[in-house]
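S.K.: The structure that follows is given in the form of structure tokens.
Derivation of every value follows stated rules applied to the coordinates shown; laboratory data play no part. What you are looking at is a predicted structure, and each value in this text was computed from that prediction instead of being measured. Neighbour counts are summed over all protein chains in view; Cβ atoms, including those assigned to glycine, are modelled from backbone coordinates with ideal geometry.
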Amino acid sequence: MAMAMAPAVVSGERLVVFLFVARVALAAPAQLAAPLAVLAAAALAVELAVDGSASASSSPLRRFRTRPGASSGILLGATTLPSVMLSRLIQLYRVLLADPNGREEYAYLEMQYWAVSVSCLGMLSFFVWHLRQSPSNGNSIASKYGLLLIILYPLAYLFHLLLKTDGGLLVMSNLVYLLCHGVAAVILIQHILEKFPSCSSFGEAILVSSGLVLYCGDMLAHTLSKMEFSVSSEAFIRAPGTRSEIGTVIQGVLLGLFLLPLLYKSSLQVLAYCRKLESQRTQTVEECTQKRIDCGVFYVSLLVALLLLVPSWTRLIQGFEVHPFVWVFNYIFTDSRERLALCAYWIFVIYVSIRRFYSISKQSKTERILLRKYYHLVAVLIFSPAVIFQPDFLDLAFGAAFAVFLILEMVRVWEIYPLGHIVHQFMSAFTDHRDSEILIVSHFSLLLGCALPKWMSSGFNDRPLTPFAGILSLGIGDTMASMIGYKYGVLRWSKTGSGETYFTPQLHKQLGKNSKLRVKPYAARSLKYGDLF
């Protein structure tokens, strides 16, 4: 029986995750490594339970439609961010041996490690709760082990916290802080799985939810620490007082864009209510006129977010006396020929690559999976010189590119005139059978994969290749894997292995031709703000 179960338990993805987590845990202190091991064991148990119930027609998780052809990936999604945060803690710990002044930043990063771990634990509890709603799945051994490990984790953290601190008020405030992260992560992942069907696997949803909650929690902590009425200095998590101006600008702009959907939706709801009152006396507004009004509301909401919310937050956090966009303009054009030369180089490479690859995609002479990987090589050409010569400016450029991607995706999804149709037509030229009909996230994955190692290595860094980790792995490693797999590979590590699925070239050609049907024509889509938020 054990031999029969072995192939189902051991897979290539789980083996790689185990080696990665084990390597991080062995280098970390025992009080931080043990919770990571418990979290990984709980994630493995939950993944086995979810995979075991995937074929059951009565499984409550079947109502969450995941990305076709992808494994659940729960173990990978639940352990990635905690392992990365623990790796950063190990790196900062080496600084404390020589410079004790970094203890404040170390303590804050340690709390972030616990926060993202609790977020992942909360989402694992979300899956276990749904599994146990079905009598056939609720009594499975994997489900029971997962529930036991989930209960064990907060007890281990409470024991660690009581040994480390003496203040009861600090303990309670930290517990509330972590509980808010867990609850927010559960709400967010349910929202993602319900509002964006077939856009992600369970593991990808866990990774996105935990990352967004951690990022928003960081902004909230820094905001509270700057307010006079905040008690963060005595009974709340203490955010480091020193922050780079570039980091503040990036977080401010992204904060405004994250709040943009809420602002846009609220404005449309108020507008719809006013129309309802007006329609009782006059005829309803024509559809064309209504669409123009909605587009106008979007652009007004975007201006409010970028021109009012962003400078207000950056002034509070960093004390900017000028608008952040003015600061960025001065930073680029003041005493820096290298930055201007780098901007000109980026514009040239992007223009040539987009013009060339778009024409190739329209002629359909190259398979789309290979065409998409050419952009990975373009990323190497764009980012490598900047990492070497202008690393700080590259941080700002990453943030600006991510903000532009967010705005363009909102314009495409909400069909905002006049750019909505143009952006949708351009992006559809590079989609394949793995992209959903709602969101196109491949460019986000490439950008964040290259940017996150660079962002996280800012400040102290005793590993010279760390900023290049994303560029090397995605730009070169992933590209070579796809090209070799496309040309030679038909072997998979497991039936439900995640990541790229390597088919024969003949099947790739067939999927490449049919992939155009995966994304609906622009006029056939009926995506409204209420369908997504």
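S.K.: Tell me the label-point distance for the pair VAL326, LEU308, using the 7 Å Cα-to-Cβ offset, in nm and rounded to one decimal.
M.R.: Modelled inter-label distance: 1.9 nm.
S.K.: With θ set to phi - 60° and the Karplus curve 6.51 cos²θ - 1.76 cosθ + 1.60, what are the ³J(HN,Hα) couplings of segment 348-357 in order, to the nearest whole Hz, using x for Gly and Pro?
M.R.: 5, 5, 5, 5, 5, 5, 5, 4, 6, 5
S.K.: Which ³J(HN,Hα) values in Hz, rounded to whole numbers, follow from the phi angles of segment 399-415 under the Karplus curve 6.51 cos²θ - 1.76 cosθ + 1.60, where θ = phi - 60° and Gly and Pro get x?
M.R.: Rounded to whole hertz, the list is x, 5, 5, 5, 5, 5, 4, 4, 5, 5, 5, 5, 4, 5, 5, 8, 6.
S.K.: At 0.36 nm per residue, and after removing the present C-alpha to C-alpha distance, how many nm does the segment from TYR488 to ARG63 gain when stretched out fully?
M.R.: Extending this stretch completely gives an extra 149.3 nm.
S.K.: What FRET efficiency would be calculated for the residue pair TRP129, LEU224, taking the C-beta separation as r and a Förster radius of 35 Å, to the nearest 0.05?
M.R.: Computed FRET efficiency for TRP129 and LEU224 comes out at 0.70.
S.K.: Applying the Karplus parametrisation 6.51 cos²θ - 1.76 cosθ + 1.60 with θ = phi - 60° to the phi angles of segment 33-40, what ³J(HN,Hα) value in whole Hz is obtained for each residue in order, glycine and proline being reported as x?
M.R.: 6, 4, x, 5, 5, 5, 5, 5
S.K.: If you stretched the chain out fully between TRP455 and ILE350, how much longer would it get, using 0.36 nm times the residue separation minus the C-alpha to C-alpha distance?
M.R.: Extra length available between TRP455 and ILE350 comes to 35.6 nm.
S.K.: Let me ask you something else. Using label points projected 7 Å from each Cα along Cα→Cβ, tell me how many nm separate ILE360 and GLN290, to one decimal.
M.R.: 4.4 nm
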